[in-house]
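Here's the structure we're looking at; comments come further down.
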Amino acid sequence: MTTEIMERPRARQGIPVGVWILGFVSMLMDISSEMIHALLPIYMVTVLGTSALAVGVIEGIAEATASITKVFSGALSDWLGKRKLLAVFGYGLAALTRPIFPLASSIDWLIAARFIDRIGKGIRGAPRDALVADLAPPHLRGASFGLRQSLDTIGSFLGPLFAIGLMWVTAFHFKAVFWIAVIPACLSVGLLLVAVKEPERPKEQRRIRMPLHREELRRLGAHYWWVVAIAAVFTLARFSEAFLILRAQSIGLPMVLAPIVLVIMSLAYSLSAYPVGVLSDRVNRLTILIVGLFLLLAADLVLAFAPGTIGLVLGVILWGLHMGFTQGLLAALIADASPAELRGTAFGMFNLVTGLALLIASVVAGALWDMTGPQGTFLAGAVFTVLTLAGLLPVRMGLGKREAP
């Protein structure tokens, strides 16, 4: 126990400064994004009169758009041998689209804003993750991805917290909050431009001419594609966090307090992601992923059956813990499995497949919500989680042994 406590500070000190800065860049952009995202489902349903199905479709399409874009930005970063340039462009595009949200006068404008914002996310996502993998020593890869994910997720709970406070201060003025969300987005871009230095590409590293050619995709190897397949099935078992906000509203939580569910979820997520990342550098990563799936199963069951505010809070905490046990871990698994010269492409393909799975999951969740209500939606998530566990347990030993750095 004493040895483990002493090892953690050493692991933290060994993480490169660039990884820390990328974490803070993500945190600032997430504060901006979640200030908007925490209020957007309620704004669409209560102010603009859209349905839960429409929320699911919009969220699914938005995330799928980001995922498709990541394929091309990741491949382009491999071809250029440069990650930071594309990351700056992606973060910059997201910052430029922030004013569209307060200026939008109809659902069409909101869809357009969300769409363009997600394109920015898609452009920056794979190159940024590949840059983290380039910067992180192999023995600290899980800790590095866990740290970046923790800082990113601190933004995810500060954003809704700011949204709640500002909604109270502005007397429920949605558009005023959307305008204030522009500020951290601009700070994020400035920090990335000034403080992050990209490592030089090794001279001996193979040059990539056509990253998306089938020969290059074949070079990613069977281990990599197994990880992608597992991640895709896992993603089908969960859906957009917008449905957690709708669940809060369904139990009668006041509109101004509904975003608190994202604060609670993100706090559990951020507190668990880094310790889980450190642990994953020492033990079989798939074992930890299975624990994350059991947490998702528990979250679905609690959110389906537990009554009132206490059940909601417990379910949201479990949901946040499942994210902390899985999201940074999946990124570390991809980094472990992919060649250095194809990391951008590897993260891009991974995000494409999981993004399409999230689109399907969100649309199905929205349809189930409209037909059966919250209970049917979360029960369906629980069933798919059980199916994912059934498929993952047999491959844990064979795949897990090969992923250690």
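The values are calculated or read from the model by the stated rules, or taken from the named source; none is laboratory data. Model, not experiment: these values are computed from the prediction. FYI the Cβ positions are ideal-geometry reconstructions off the backbone, even for glycines, and counts take in every protein chain you see. Heavy atoms of the whole protein, side chains included, go into the accessibility calculation; ligands, DNA and RNA do not. Shrake-Rupley method; radii C 1.70, N 1.55, O 1.52, S 1.80 Å.
Determine, yes or no, whether P339 is touching a residue at least 24 places away in the same chain (Cβ under 8 Å), open to solvent by less than 40 Å² (accessible area, probe 1.4 Å), closer than 28 Å to D281 by Cα and not polar (S, T, N, Q). Taking the combined requirement at face value, the residue satisfies it. Check whether at least one residue in the stretch 209-216 is of a type in the set (K, R) and closer than 20 Å to R343 by Cα, and report yes or no. Yes: the stretch 209-216 contains one or more residues that are of a type in the set (K, R) and closer than 20 Å to R343 by Cα. The numbered conditions (1) of a type in the set (G, A, S); (2) closer than 21 Å to E34 by Cα; (3) modelled with pLDDT under 85 are all true for S272 except (3). Checking the stated criteria, I116 turns out not to satisfy the condition of being in contact (Cβ under 8 Å) with a residue 24 or more places away in the chain and over 13 Å from G348 (Cα atoms). The residue that is modelled with the highest pLDDT, among those in the stretch 248-257 that are in a helix (DSSP H, G or I) and among the small types (G, A, S), is A248.
Return yes when I334 is open to solvent by 10 Å² or more (accessible area, probe 1.4 Å) and either among the hydrophobic types (A, V, I, L, M, F, W, C) or closer than 19 Å to A237 by Cα (or both) and no when it is not. So I334 fails the test.
Please indicate, with yes or no, whether at least one residue in the stretch 224-247 is part of a loop (DSSP other than H, G, I, E, B), open to solvent by 70 Å² or more (accessible area, probe 1.4 Å) and at negative phi. No, that holds for no residue. Just one of the numbered conditions (1) in contact with a Gly (Cβ under 9 Å, 6 or more places away or on another chain); (2) at pLDDT 80 or above is not true of G381: (1). The numbered conditions (1) surrounded by 24 or more Cβ atoms within 10 Å (Cβ to Cβ); (2) farther than 22 Å from L262 by Cα are all true for F157 except (2). Taking the criterion of being hydroxyl-bearing (S, T, Y) and assigned to a helix (DSSP H, G or I), the residues of the stretch 317-372 that qualify are T326, T345, T354, S362, T372. Just checking, does the stretch 176-197 include any residue being outside any helix (DSSP H, G or I), among the charged types (D, E, K, R) and surrounded by fewer than 20 Cβ atoms within 10 Å (Cβ to Cβ)? The answer is yes; a qualifying residue exists.
Listed conditions (1) in a helix (DSSP H, G or I); (2) surrounded by fewer than 23 Cβ atoms within 10 Å (Cβ to Cβ) are all met by V283, apart from (1). In the stretch 160-171, the residue that is surrounded by the most Cβ atoms within 10 Å (Cβ to Cβ) out of those that are assigned to a helix (DSSP H, G or I) and out of contact with any Pro (no Cβ under 7 Å at 6 or more places or on another chain) is M167.
Within the stretch 323-333, being within 19 Å of L151 (Cβ to Cβ) and touching a residue at least 60 places away in the same chain (Cβ under 8 Å) holds for M323, G324, T326, Q327, G328, L329, L330, A331, A332.
Counting residues in the stretch 297-306 that are modelled with pLDDT of 85 or more, of a type in the set (F, W, Y) and open to solvent by 30 Å² or more (accessible area, probe 1.4 Å) gives one or more.
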